[in-house]
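Worksheet for the structure shown next.
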Amino acid sequence: MTGTEEMIKDLTRRVEKLLAEYDPARTDRLEFLRARFDAGLAWVHFPEGLGGLGLPRELQAHVDRLLAKAGAPDNDPRRNGIGLGMAAPTILAYGTEEQKKRFLRPLWTGEEIWCQLFSEPGAGSDLAALATRAEWDGEYWVVNGQKVWTSGAHKAHWGILVARTDPEAPKHRGMTYFLCDMRDPGVEVRPLRQITGEAEFNEVFLTDVRIPDEHRLGERGQGWQVATATLMNERVAIGGGDIPREGGMIGVVADTWRRRPELRRPDLHARLMRLWVEAEVARLTGKRLRQKLAAGQPGPEGSASKLTFARLSQQLSGLEIELLGEEGLRYGDWTMKRPDIVVFTGKDAGYRYLRAKGNSIEGGTSEILRNIVAERVLGLPPEPRVDKNVPWKDLPR
Amino acid sequence: MTGTEEMIKDLTRRVEKLLAEYDPARTDRLEFLRARFDAGLAWVHFPEGLGGLGLPRELQAHVDRLLAKAGAPDNDPRRNGIGLGMAAPTILAYGTEEQKKRFLRPLWTGEEIWCQLFSEPGAGSDLAALATRAEWDGEYWVVNGQKVWTSGAHKAHWGILVARTDPEAPKHRGMTYFLCDMRDPGVEVRPLRQITGEAEFNEVFLTDVRIPDEHRLGERGQGWQVATATLMNERVAIGGGDIPREGGMIGVVADTWRRRPELRRPDLHARLMRLWVEAEVARLTGKRLRQKLAAGQPGPEGSASKLTFARLSQQLSGLEIELLGEEGLRYGDWTMKRPDIVVFTGKDAGYRYLRAKGNSIEGGTSEILRNIVAERVLGLPPEPRVDKNVPWKDLPR
Amino acid sequence: MSEDLNLLYTDVEESVRDSVRSLLAKRCAPEKVVALYDGGDAGQRELWQALAGELGLAALLVPEEHGGAGASAREASVVLEELGRFVAPVPFLTSAVVATTALVEAGAGNLLGPLAAGEQTAALAVPLTTSPDGPIPAVTADGGALQGTATSVAGALEADVLLVPVRTEGGLQLHRVPAEAARITPLTSLDMTRQIADVDVTGAPADAVAEGEAAERAVRAALETGAALMASEQLGVAQWCLDTTVAYLKVRRQFGRIVGGFQALKHRLADLYVMVESARAAARYAAAALAADDPDRPVAASLAQAYCADAAVLAAEECIQLHGGIGMTWEHPAHLYLKRAKADQLAFGTPGAHHARLADLVDLPAA
Amino acid sequence: MSEDLNLLYTDVEESVRDSVRSLLAKRCAPEKVVALYDGGDAGQRELWQALAGELGLAALLVPEEHGGAGASAREASVVLEELGRFVAPVPFLTSAVVATTALVEAGAGNLLGPLAAGEQTAALAVPLTTSPDGPIPAVTADGGALQGTATSVAGALEADVLLVPVRTEGGLQLHRVPAEAARITPLTSLDMTRQIADVDVTGAPADAVAEGEAAERAVRAALETGAALMASEQLGVAQWCLDTTVAYLKVRRQFGRIVGGFQALKHRLADLYVMVESARAAARYAAAALAADDPDRPVAASLAQAYCADAAVLAAEECIQLHGGIGMTWEHPAHLYLKRAKADQLAFGTPGAHHARLADLVDLPAA
């Protein structure tokens, strides 16, 4: 029996034990989730005592499968994407023992939802330019500033926050990372409406928000390093999973083409076929990337996949409107709403077209990603920098 | 009678007088051309005594028409494009009286052909980086270096040359402009073969070439300024004249499409129509530009026209090969030749495809032209420069 | 094609532009316009009154003998550039260009008085997507009574008078229907600054203003004029997007540098500039050919629409992208231009439809 | 499609690549290859002998029972990547892939011995532009004697044996004709590293190796395999163009800066990199599907050819442009790659032809 097989057998036993002690049919959802966490079956690659068992990450799928089969509740991971995908690994990497104990369990169970307070109006692609100040008043860090593009801020209990603690230092060296209680009276959340009419995101205004020093994550001045770790976890998440042929936007357009022969025109067919080829090749490229990762050949090519995804979703959704013709003049609903979950291919063609515009901006603009590919993959010279060794306070803004 | 009408009447009289004194049917070609020059009818916008009459440039067309009607020989301007388009206006602007007297007449008549010695292997887009040295030995300027992309060097009597005379000065300030006798024993011309198989251009090796100081054009150290004037005349020439609808590369492809229905395919039709539209719009854009110039509203938009021309000629010639299919696999002739005249749309489809690749390089690459449009038209910031105020000799190469 | 058409702006055209622009700058701020998306009032009625009445734009294309200014498509195109630049929610294109052209071509100039005076507004009741050379969508006439719905009609919500193509046994007719007699259903539109509506004219009283070939000619001329001159609106949209993006990138800083100094963005803006100047040549040529009633008019119209429709969309898309996150927000006006550009791309025939029309006109058959 | 196909390179494949590359690096320098354009000798015969004999590449796709290596399309695709990277003027694709596949599929494996041993070279006598799903160009048979010319045949000049599709009253046949019995006229080719020729087989002795459906199946399988695996050659061409351009721009200076540091060029190279990696996924999938005889094979072949054909052309065009003037010269090897890429774009069907084939295969009909 190989090591993996043994580990799987052991995990199966642990799952059976959990199910025996906490029958999902008769146990309160939250109670079950807490018990699952305490049994180390939340995220098996986390350490023991912190929801895991120190096992390889891939084995989680086995646990999930067994529990789903038994009808056990899950932690509804889409409700807390930032918590699970970004906050948790960062807390694990940089947190104190107390912080890990305090935050990871309610994060995983979904009792505490998290949001991300990084971007600012003046610090988008250039995150290190951020201006939100955190000043130590002897008792608390007192935070003032404005954050933006914060999804879920209105539902979040905690926010991962980067703020400037030393304006005299060069921009990358004067920041500190905090865990910010979103229920502090100084936190004001305002929905940020987008071109689709919806407000997926928020602006967050921070006025004399008080953060105790035990909610500082990492060292003072280490904020850039901690934030970079968070963002690397974001990029991993964007890579996404396997999708079938015609998954995503191409499937929507191909489906319309098949169902509605009256819309077909030769010029649109030429464009459709070109995009079908590109979409299928992009899918295979993603598949190849995941095969490389699985074979232990990680690479920075995730940026390439995101570039292609953004371009294709924009071109396809633009084509769809031309294909629909008269129907393309309509729109589903302009009413301001706060969606819980965003599905790029959901809703109507107009929504898809407008929402896709964000694909080349959010999570790293296509321009920044091209820089990354050029510099880190191809080894071309970096952009001339004028802001590396200047105190932040002296930089022009 | 308006001023223009009077001028035209006067010009008509002068042409009649010339024709009466030198009957084209019975006069030696060169004798006639010299007489025409001396009558101020060569380029009427040049000063009197230098082939002109100080009249508006537009009136030249009237003179040309009258003389052509009378069967008079012309100066075969395509044989001496660089002389007429670039050297002559520069000599007129910067030359001494002796230089103008000495050079302009045989230049215009075609007795002396000119070439341009500007680009070097290490100084393409960045002309000011040139390394060809000219050192004053007390009697002559002694020139050593290598020039490239010199069309017609093997037929030329004179070359306009920029060389470095002061390596201690920053790159733009240490150059001087010369008129170089191509028959000097230190001048070696080697054909430079291109991807088409032909050698339109040459490399010119300069070894201890001796140039007397009276062949210096402009002041010592003023070379950049004089060369810039030359290049502005080049850009004016590239603007070109009115062409009819389907003039140029689109006409070649459209003609094939019409003549050979068996080659038609829907995907190619979609591309053809898109390019037809772009080519016709580009033609109208050029027409509008010339209307602006004629109305006294000059602008830097010539760079825009050249960008579009290059892109379209490349896309169209690429499409043509796909359209031809099996025939597109062939090529006319790979034999090394030195063509007298280059016609982009001439010869076979393979030649057109390959030759068009040069359209976005020669006379300013498309990348440089985009910089020019961005900076001079849109007013965006210039590229960070590290070489402006450093002595040329200290620059990395 | 005519080689002597003037592609520049005349002094008269520039002065028309100045007056339109200064009025729009005062009365058509994007913060007001965006209210239309939430069903609010953007003051669009008063704005149109001012443009039609004070500036006399409703009368531009109406012949002088019918109380109009007798101006040409050239002046109208300059007006449209400015309306595009402000995404102005007014029925100039639908009423003062398209419906007016239909009536003039139908020989019903005598009905133009109230339109020229700005007292009435009219709309041609066909889908906004109708191209000049396709089949003409029409309602039917059951006995004497109209029956049917014209879908996705632009300008219907603002109209007092509807011009309705009616298919009868005797051929196409163009009928005049009072708007209050039709059931007009507003549609949630991608571009709420030119909201479309379904127009049910079943049972409405109507009188024919043209019949047979004359009716067909009138409708086609109206659509071709719409296609030709909307190119100028698209130019205006593209120009605003370029200007706004360049201005923003000259002040926005990231990584300690003016963002507009990053070469990749400079090159994209240079390409955008080249495209906008090309769109200008195409739009001007279409307007000039129309004004001169040049035989090349159909080619000019389809050429301009094929080129400018895509140019406006691309300019608006680049505007959003190069603004970064802020361009994705409701509070930045860029989205108004993207929605207008994308809807305009479908209006009067997509670029693909105009390519097909050009293929016929210039003898480049598909097969 | 099969989701379990391995798109990576196996260790075996990497070792095939290494041996091919090291031989080509020694014996196939661009300065030698370019001689072909002036009718000179590039040592191409000796090179092919070395590849076919020393490395046994001619035997790769020949089944073991016929003296071959019984390797799969996966190994052949890696060989083609390297041949593309060196624009190698050898008949691997035409003989060891296309003609070999035709004979295997025709059930004429017994004829493969001399091919596998590198003693003979074969070519399928159809135009290089023939796509897998179109009509099969064929000569005719007048009585027993062949009549006609196969035009634009690749590999004919190197071939000892020609496989000639023959249209008879009883249907298609595939004949074997000794090359010395045909009149082979070399054509001045856009890509002289894969020079084409007209092959007149009139009166040549021939024997049929397959008839009817078997002949048709053999020819189509050969063409589909050619299309699928040429994608790897195109990948190799594109990869060389990217690598060479990046390397050059890391050392070339203008305006006092490394040219590869100018952001507009960085972004173009980043896009090129994304395209090359995409081409790799497409080419690998086609090879893997072929090797596994996967039902998705036809889609995989047309997908790869549609994508990689354009990718190679674009990479070669960008290589020339980003090298500036030097890339336009005869002495720089870039032109060899441009010519190969452009000719390859036409070979086995243009991208447009493969789009049309895909439209059928995946049910996205044109009308």
Here the FRET efficiency for residue B:208 versus residue B:31, based on Cβ atoms and R0 = 45 Å and rounded to 0.05, is 0.70
Considering the convex hull of the alpha carbon atoms of region A:114-221, report its projected area averaged over all viewing directions, in nm², one decimal.
6.6 nm²
Across peptide C:358-365, how many C-beta atoms of other chains are within 10 Å of each residue C-beta, on average?
4
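For chain C, report the accessible area per residue in Å² (1.4 Å probe, heavy atoms, rounded to an integer). Intermediate results must be reported in sequence, preceding the final value.
Working: 11270 Å² over 367 residues.
Solvent-accessible surface per residue comes out at 31 Å².
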Rg and Dmax of region A:85-124 over Cα atoms: what are they, in angstrom?
12.1, 35
Amide hydrogen neighbours beyond the local backbone of residue D:168, cut-off 5 Å, H modeled
D:173
Calc'd 3J(HN,Hα), region D:228-233, phi into Karplus 6.51 cos²θ - 1.76 cosθ + 1.60 (θ = phi - 60°), Hz, glycine/Pro = x, comes to 5, 8, 4, 4, 6, 4
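What does the charge count near residue B:4 come to, summing +1 for each Lys or Arg and -1 for each Asp or Glu among other residues with Cβ under 11 Å from its Cβ? Before the final figure, lay out each step's value.
On the way: positive: B:9; negative: B:5, B:6, B:10, B:58.
Charge balance near residue B:4 sits at -3.
If each DSSP helix of 4+ residues adds -39,500 (n - 2.57) and the sum is divided by the residues in chain D, what number results at 222 nm, nearest 500 deg cm²/dmol? Numbers along the way, then the final one.
On the way: 11 runs with 170 residues, N = 367.
For chain D, the value works out to -15500 deg cm²/dmol.
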Calculate log10 I(q)/I(0) of region B:247-354 for q = 0.13, 0.15, 0.17, 0.24 Å⁻¹, where I(q) comes from the Debye formula with a single equal point scatterer on each Cα and nothing for solvent.
-0.57, -0.72, -0.86, -1.30
Specify whether the C-alpha gyration tensor of chain B places it in the rounded, prolate or oblate class, a ≥ b ≥ c being the square roots of the eigenvalues: rounded for a/c under 1.5, otherwise prolate if a/b is larger than b/c and oblate if not.
oblate
Over chain D, relative contact order from alpha-carbon pairs under 8 Å, at least 6 apart, %
18 percent
Cα Rg, Dmax (largest Cα-Cα span) when computed across region C:281-339, Å:
15.7, 47
Near residue B:69, which lysines are there with a Cα under 23 Å away, not counting those fewer than 8 places off in the same chain?
B:9, B:17
Using a 1.4 angstrom probe on heavy atoms only, work out the carbon and sulfur share of the accessible area of chain D in %.
50 percent
Can you pull the accessible area of residue A:180 for me, 1.4 Å probe, Å² to the nearest 10?
0 Å²
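Can you give the convex hull volume of the alpha carbon atoms of region A:266-310 per residue, in Å³? Could you put the intermediate results ahead of the total?
Working: hull volume 2.1 nm³, N = 45.
Convex hull volume per residue, Cα atoms: 46 Å³.
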Within 10 Å of the Cβ of an average residue in A:315-328, the count of other chain Cβ atoms is 4
Quick query: amide H of residue A:136 versus all other amide H atoms, modeled in the peptide plane; which residues come in under 5 Å with a sequence gap of 5 or more or a different chain?
A:142
For region D:124-132, take each phi angle, set θ = phi - 60°, evaluate the Karplus expression 6.51 cos²θ - 1.76 cosθ + 1.60, and give the result in whole Hz per residue in order, putting x for glycine and proline.
7, 8, 10, x, 4, 7, 5, 9, x
Across bins of 20 angstrom width beginning at 0, how are the C-alpha pair distances of chain D distributed, in whole percent?
30, 58, 11, 1
Hey, how much of the P(r) for region C:1-84 falls beyond 23 Å, as a percent of Cα pairs?
32 percent
How big is the A-D contact in terms of buried accessible area, both chains counted, 1.4 Å probe, rounded to the nearest 100 Å²?
3800 Å²
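Tell me the net charge near residue B:214. Cut-off is 11 Å between Cβ atoms, residue B:214 excluded, with +1 for each Lys or Arg and -1 for each Asp or Glu. Show your work: numbers first, answer last.
Working: positive: B:102, B:216; negative: B:98, B:213.
Here the charged neighbours net out to 0.
Past the 23 Å Cα-Cα mark, which pairs from B:306/D:339; A:357/C:26; A:357/C:339; B:100/B:287; A:337/C:32; B:337/D:26?
Details: B:306/D:339 25 Å; A:357/C:26 31 Å; A:357/C:339 12 Å; B:100/B:287 34 Å; A:337/C:32 21 Å; B:337/D:26 32 Å.
From B:306/D:339; A:357/C:26; A:357/C:339; B:100/B:287; A:337/C:32; B:337/D:26, over 23 Å: B:306/D:339; A:357/C:26; B:100/B:287; B:337/D:26.
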If only Cα atoms are counted, what is the Rg of region C:110-149, and what is its Dmax, in Å?
13.9, 35
Among A:84, A:106, A:138, which residue has its Cα furthest toward the positive end of the charge dipole of chain A, with +1 on Lys/Arg Cβ and -1 on Asp/Glu Cβ?
A:84
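What FRET efficiency, computed as 1/(1 + (r/R0)^6) with R0 = 51 Å and r the Cβ-Cβ distance, is obtained for residue A:168 and residue D:29, rounded to the nearest 0.05?
0.30
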Considering only protein heavy atoms and a probe of 1.4 Å, how much of the accessible area of region B:3-74 is carbon and sulfur, as a whole percent?
49 percent
Translational diffusion of region A:31-136, µm² s⁻¹ [Kirkwood Rh, Cα pairs; Stokes-Einstein; 20 °C; 1.002 mPa s]:
141 µm²/s
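Which is the longest stretch in chain A that no exposed loop site breaks, taking sites as GluC sites (Glu not before Pro) with a DSSP loop state and at most 15 other Cβ atoms within 10 Å? List each step's numbers first, then the result.
Values: sites that count: A:111, A:139, A:168, A:219.
Counting at most 15 other Cβ atoms within 10 Å as exposed, the longest clean stretch of chain A is A:220-397.
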Using only Cα atoms and rounding to the nearest 10 degrees, what angle (0 to 90) does helix D:351-361 make with the longest principal axis of chain D?
60 degrees
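Report, in deg cm²/dmol and to the nearest 500, the calculated mean residue ellipticity at 222 nm for chain A, where each DSSP H run with n ≥ 4 adds -39500 (n - 2.57) and the sum is divided by the residue count.
Details: 11 runs with 154 residues, N = 397.
For chain A, the value works out to -12500 deg cm²/dmol.
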Phi angles of region D:163-180, converted by Karplus (6.51 cos²θ - 1.76 cosθ + 1.60, θ = phi - 60°) into ³J(HN,Hα) in whole Hz with x for Gly and Pro, give 9, 10, x, 10, 8, 10, 4, x, x, 6, 10, 10, 10, 10, 10, x, 4, 5
Applying a 10 Å radius around every beta-carbon, put B:80-89, D:17-26 in order of their mean neighbour count, most first.
B:80-89, D:17-26
Find the cysteines in chain D that fail to meet the 4.7 Å Cβ criterion with every other cysteine, and list them.
D:28, D:308
What is the calculated FRET efficiency for residue A:343 to residue B:76, with r their C-beta to C-beta distance and R₀ = 51 Å, to the nearest 0.05?
0.15
How high is the relative contact order of region C:94-233? Use alpha-carbon pairs under 8 Å, at least six apart in sequence, and give a whole percent.
29 percent
Residue B:330 long-range amide H proximity, modeled H, under 5 Å:
D:190
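Give me Rg/Rg_expected for the protein assembly as shown, where Rg uses Cα atoms only and Rg_expected = 2.2 N^0.38 Å with N residues. Provide the component values of the computation, followed by the final result.
Working: Rg = 36.0 Å, N = 1528, 2.2 N^0.38 = 35.7 Å.
Scaled against compact globular proteins, the figure is 1.01.
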What aspartates and glutamates does residue B:101 reach when the alpha-carbon gap must be under 17 Å and sequence neighbours fewer than 8 apart in one chain are set aside?
B:38, B:48, B:111, B:112, B:181, B:213, B:214
Below 11 angstrom from the Cβ of residue A:223, what's the summed charge of the other residues (Lys, Arg +1; Asp, Glu -1)?
+3
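In square nanometres and to one decimal, what's the mean projected area of the convex hull around the Cα atoms of region A:3-74?
On the way: hull surface 16.6 nm².
One quarter of the hull surface, i.e. the mean projection, equals 4.1 nm².
The values are calculated or read from the model by the stated rules, or taken from the named source; none is laboratory data. Just so it is clear, the structure is predicted and the values come from calculations on it, not from any experiment. Reconstructed Cβ throughout: ideal geometry from the backbone, glycine too, with neighbour counts over all protein chains shown. Quick note on the areas: whole protein, heavy atoms, side chains included, nothing else; ligands and nucleic acids left out. Shrake-Rupley method; radii C 1.70, N 1.55, O 1.52, S 1.80 Å.
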